Amino acid sequence: MRSAFSCVHNVGMNIARIPDGLKRLHFENRFTRELPADPETGSARRQIRNACFSRVRPTSVAAPRLVAYSAEVAEMLGLSAADCESAEFAEVFTGNRLLPGMDPHATCYGGHQFGNWAGQLGDGRAINLGEVIAPGGDRQVLQLKGAGPTPYSRSADGLAVLRSSVREFLCSEAMHHLGVPTTRALSLTLTGEQVMRDMLYDGHPALEPGAVVCRVAPSFTRFGHFQMLAARGEIDLLRKFLHYTLETDFPHLLTQYQAGSAQIVLAWFAEVCERTAETIAHWMRVGFVHGVMNTDNMSVLGLTIDYGPYGWLEDYDPDWTPNTTDAAGRRYRFGHQPAVAQWNLLQLANAIYPLVEDAAPLEEHLRGFETCYTARWQQMMAAKLGLKAFERDDGELLDALESVLQLTETDMTLFFRGLAELDPAMLQRPAELMDPLLQAYYLPGELTDDVRSEIHAWLAAYLHRVRDDGQAPEVRRARMNEANPRYVLRNYLAQQAIDKAEAGDYSMIHELLEVLRRPYTEQPGREAFAEKRPDWARSRVGCSQLSCSS
Ligand code: AMP
Ligand code: MG
């Protein structure tokens, strides 16, 4: 079997032709240097032991071609537009060429999928190229998603299609600009090859264009990495992996606690709980439904990771899930995300228990997650409503809002944005109270007198609360418009961009990328990107129903 290293020396690329920015990428691969490797290389499927990763090369593809790149991520890595638009860039970030210093590998993790322990999973179609020390000094892992099989691909092909790659590329960047912790995306490339997918798992496979996304994050460490080591009973390696994680991703804890102590493990777990709470509160704020919150899709850094059958709430329905694979149990529905996060943290706690050997403090941190989540959620709701702070009596107002939003199909994004246009002075003109909100309603025929009077009652209570809060209207409006996005990656917009891209027109991907860079700012001329879902998209595949097929 060919060593994965042979490729590092035999990059097949004339070094003189590598664009300057790519040449300057400085790799320092701590993961592969400090953690034990699977002795075997290559992509033959296997279970590994006593190791954290396997070296494996991306598969070469026919015709790499850049579709889009994120200017912000490129800049973070020190890459110019010319670097990103070069032919070599497309070669490197589809996996055809390796740069000196890259050490491609797939990592091993396990996980609970839909509540059941699934055993070894691992990077089945993700290949880490290496860790770059960015010009700003930060460490960033470059990871190709869809670059071919790895030892962890199980029965699948290690590839990704354009449809799901457009969704991952756009959503990672959109989430970042919304202020939600997330992995980033440097590039979206086509491989020039066709990939067979049965999109709805209904026995109708078809060829789709193959694509690769280069994801970027300080680390891609998941709860499942710890679970896998615990499940294999490799406690020394579990301890080593945690120490590695502390050094790489949580160095501040090593200055406060003694390395190797139970205290540092607990402090780390507490921080993972806090970061998770923070991220989930953001999801609830912007109306994001992850769709597959399995423990292998949970980042210890609290980053949103693995954009699969995710979706954005259109009408406010806490029971909604975009994932057809989860339609029966709706485990990962919008309103259940905080509870699932806590359940996932419990699985992480079980995994690290051997390093603590005391359940009580772990349980305390799990309860702490609830306290922390509730506090963050209350803060965010206060911001969404333009209140200075959440006060105890506001619980009632929020409960009532939850009902009001479900009286009839109500677009969450438009509702909150419209709410900012209301003012206590309008209490004098009750007939106009609902005007700024009318665009949020999908079924105007359902706005009966009874429904209207319930909405009115809530709006009046809200505006009294706003008046008592005593903020200047412009201050309140500005605060609300920083918490309530005008533009989100509406499911149907992503699908329109995909439809066009599949026909060879990438303009809408570029347009969406641009609009979503400033999601809180009114962008004249771009009103179409803020409109509620058109009726044709109500039940169209890709717009409201997505399977895990990607
Ligand atoms: P996901 O539900 O997308 O998070 O994937 C769960 C597991 O399946 C992970 O280990 C993935 O790497 C793996 N996987 C998903 N799709 C593929 C694919 N096309 N080829 C190989 N592995 C895959
Ligand atoms: Mg995954």
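The values are calculated or read from the model by the stated rules, or taken from the named source; none is laboratory data. The structure presented is a predicted model; accordingly, all values stated were derived computationally and were not measured. All Cβ positions, glycine included, derive from the backbone under ideal geometry; neighbour counts span all protein chains shown. The area values use the complete protein model at the heavy-atom level, side chains included, leaving out ligands, DNA and RNA. Shrake-Rupley method; radii C 1.70, N 1.55, O 1.52, S 1.80 Å.
Note on residue 452 and residue 375: with the Förster distance fixed at 35 Å, the Cβ-Cβ geometry gives a FRET efficiency of about 0.55.
Taking the chain as the reference, fit the longest principal axis to its C-alpha atoms, fit the long axis of helix 449-469 to the helix C-alpha atoms, and give the angle between the two in degrees, 0 to 90, nearest 10. Taking the Cα atoms of the chain, the angle to 449-469 is about 80 degrees.
With 24 Å as the cut-off, how large is the P(r) tail for segment 417-550, expressed as percent of Cα-Cα pairs?
46
The stretch between residue 358 and residue 200 holds 52.4 nm of extra length on full extension. This uses 0.36 nm per residue minus the Cα-Cα distance. Segment residue 133..residue 423, full-extension length gain: 99.5 nm, with 0.36 nm per residue of separation and the alpha-carbon distance subtracted.
Distance between the modelled labels on residue 247 and residue 20, one decimal in nanometres: 3.5 nm (7 Å Cα→Cβ projection). Across all Cα pairs in segment 328-425, the calculated P(r) in 10 Å bins from zero up to the longest distance comes to 12, 32, 30, 17, 8, 1, 0 percent per bin. When only Cα pairs under 8 Å and 6 or more residues apart are kept, what is the percent relative contact order across segment 233-384? Answer for segment 233-384 is 28 percent.
Measuring nothing but alpha carbons in segment 394-470 and taking Rh as the Kirkwood radius, the Rg to Rh ratio lands at 0.93.
Look at where the Cα atoms of segment 245-273 and of segment 66-93 average out, and the two centres are 35 Å apart. Under the simplified labelling scheme, the residue 346-residue 258 pair shows an inter-label distance of 3.3 nm, with each label point 7 Å from Cα along Cα→Cβ.
Lysine pair count for the chain with Cα-Cα distance under 26 Å and sequence separation of 8 or more or different chains is 4. Projection of the Cα convex hull of segment 233-384, averaged over all directions and equal to a quarter of that hull's surface, yields 9.8 nm². Estimated from helical segments only, the mean residue ellipticity of the chain at 222 nm is -12000 deg cm²/dmol, where each DSSP H run of four or more residues counts as -39500 (n - 2.57). Over the chain, the hull volume per residue, using the convex hull of the C-alpha atoms, is 156 Å³. Roughly how tilted is helix 491-502, in degrees to the nearest 10 and between 0 and 90, from the longest Cα axis of the chain? Its long axis makes an angle of about 40 degrees. Kirkwood radius and radius of gyration were both taken over the C-alpha atoms of segment 490-550, and their ratio Rg/Rh is 0.98. Surface composition of segment 31-185: carbon plus sulfur atoms contribute 49% of the solvent-accessible area (1.4 Å probe, protein chains only, all chains present). Based on Cα contacts under 8 Å between residues 6+ apart, the chain shows a relative contact order of 13 percent. Modelled label positions at residue 328 and residue 117, each set 7 Å beyond Cα in the direction of Cβ, lie 2.3 nm from each other. In 5 Å bins starting at zero, report the fraction of Cα pairs in segment 15-223 per bin as a rounded %. P(r) over segment 15-223, rounded to whole percents: 1, 7, 15, 20, 21, 18, 11, 5, 2, 0, 0. Each Cα pair under 8 Å and six or more residues apart adds its sequence gap; the mean of these over the residue count of segment 394-470 is a relative contact order of 41 percent.
If each residue of separation counts as 0.36 nm, what is the full-extension length gain between residue 82 and residue 44 once their alpha-carbon separation is subtracted?
Numbers: separation 38, 0.36 × 38 = 13.68 nm, distance 3.74 nm.
Going from the current span to full extension adds 9.9 nm.
Residues whose amide H comes within less than 5 Å of that of residue 147, counting only those at least five positions distant or on another chain, are 127 (H built at 1.01 Å from N in the peptide plane).
Annotation: for a label point projected 7 angstrom from Cα along Cα→Cβ of residue 72, residues of segment 117-151 with backbone N closer than 19 Å are 134-143.
Which percent of the accessible area of segment 254-380 is formed by carbon and sulfur heavy atoms (probe 1.4 angstrom)?
Solvent-exposed carbon and sulfur of segment 254-380 make up 48 percent of the total.
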